[in-house]
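The values are calculated or read from the model by the stated rules, or taken from the named source; none is laboratory data. Quick caveat: nothing in here was measured; it's all calculated off a predicted structure. Here Cβ is always computed from backbone atoms with ideal geometry, including for glycine, and neighbour counts include all displayed protein chains. When the accessible area is computed, the model is the full protein with side chains, heavy atoms only, and any ligands, DNA or RNA have been set aside. Shrake-Rupley method; radii C 1.70, N 1.55, O 1.52, S 1.80 Å.
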Amino acid sequence: MDPDVRLFAEVTRVVEPVEMRAAVRETYGPADLSSVPVFAGGFINFGYWRSIDLAGPLTVDDRVRSQEDMYRQVLDAAGPLAGRRIVEIGCGLGVGCALALREYRPERVTGMDIHPQQLDRARRANADLLETSPSALRFVRGAAEEMPFGDGEFDCVYSVEAAQHFDDVIAFTREAARVLRPGGRVVVASFFTPDDDPGHGARLASYLETFADGLDVARPVTLVADAFTRAGLTDARAVSIGPDVWQGWDRWLSDQWEPGTWPRNFLKAYEQRTLDYYIVTATRPQV
């Protein structure tokens, strides 16, 4: 049986994924962003650098640790996960799913991604885990705006640096609320604009290629937090972790990119208050 068919048979709601934007399809398909050296270890996030000495030379191990620590920030914000069922939205190669399974001991981790090539890579990267722990880990194709899961299926919905790609972040918040069990938590880590100034999008597109080509979408963080509240969740909060992200990310990039090149402009966007990195959390009320 085809892997996607077999995995969809395990869930109660089968949907067709929405179309991907061209930039998303190319970046996570043929271009394979996970193979780019700045994203070491199969992770694809800017990193959480608090525990790493930025004054000295940075190693690949430091880079991998920064990305693992980003996952730890997200999973810690979800609360105790032992024995719980959790899902990562935009799982990429699934190395974050493997970290969650290894360090947080949930009953089951589901990795969901819209890109079939990413899911193929995830299954290859985690082949041993899938073979030895088939009931603890699975990968499913689906879109953040229309998830192929039943109501109340998970204790935690989390996403690490994927929300900036979502076509409809409000639809995502509704879906996250739907698939959460009462008392469940949603945790999203990504970069957003700090306020609803309509000029932020044009400014970001002028000096960051990922915003210019449509890979990333500029949205205010308040839009996400407010949308969780409107979806029926409570205690929606957005906390900036920018001080522990941007300096380390730029320091890592400085070994490979010259000042003035567009990747170095992420720090510029942060310093100019056009972009910041947040962890957004909310809870589904107990019945």
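Does Leu233 fit the bill of being open to solvent by less than 50 Å² (accessible area, probe 1.4 Å), touching a Phe, Trp or Tyr at 6+ places or on another chain (Cβ under 9 Å) and not polar (S, T, N, Q)? So Leu233 does not fit the description; no. Pairs are defined by a Cβ separation below 7 Å, a sequence spacing of at least 6 or placement on different chains, a first member in region 246-269 that is within 19 Å of Glu68 (Cβ to Cβ), and a second member that is part of a loop (DSSP other than H, G, I, E, B) and among the charged types (D, E, K, R); no pair meets this definition. Checked against (1) without any contact (Cβ under 8 Å) to a residue 12 or more places away in the chain; (2) more than 22 Å from Leu75 (Cβ to Cβ); (3) open to solvent by 70 Å² or more (accessible area, probe 1.4 Å), Asp196 passes all but a single condition, namely (1). If you go through region 250-268 and pick out every residue that is touching a Lys or Arg at 6+ places or on another chain (Cβ under 8 Å) and of a type outside the set (Phe, Trp, Tyr), you end up with 4. When region 55-70 is filtered for residues that are among the small types (Gly, Ala, Ser) and open to solvent by 70 Å² or more (accessible area, probe 1.4 Å), only Ala55 remains. Quick one: in region 22-61, which of the residues that are part of a helix (DSSP H, G or I) and polar (S, T, N, Q) is nearest to Asp213 (Cα to Cα)? Filtering first and then ranking leaves Thr27. Inside region 1-48, residues that are at pLDDT 60 or above and either β-branched (Val, Ile, Thr) or surrounded by 12 or more Cβ atoms within 10 Å (Cβ to Cβ) (or both) make up a count of 28.
Of all the criteria given as (1) open to solvent by 10 Å² or more (accessible area, probe 1.4 Å); (2) more than 24 Å from Arg63 (Cβ to Cβ); (3) not β-branched (Val, Ile, Thr), the one not satisfied by Leu204 is (1). For region 76-105, filtering for residues that are open to solvent by less than 10 Å² (accessible area, probe 1.4 Å), outside any strand (DSSP E or B) and not small (Gly, Ala, Ser) leaves 4. Mind checking whether some residue in region 119-135 is open to solvent by 30 Å² or more (accessible area, probe 1.4 Å) and closer than 21 Å to Val179 by Cβ? Yes, some residue in region 119-135 is open to solvent by 30 Å² or more (accessible area, probe 1.4 Å) and closer than 21 Å to Val179 by Cβ.
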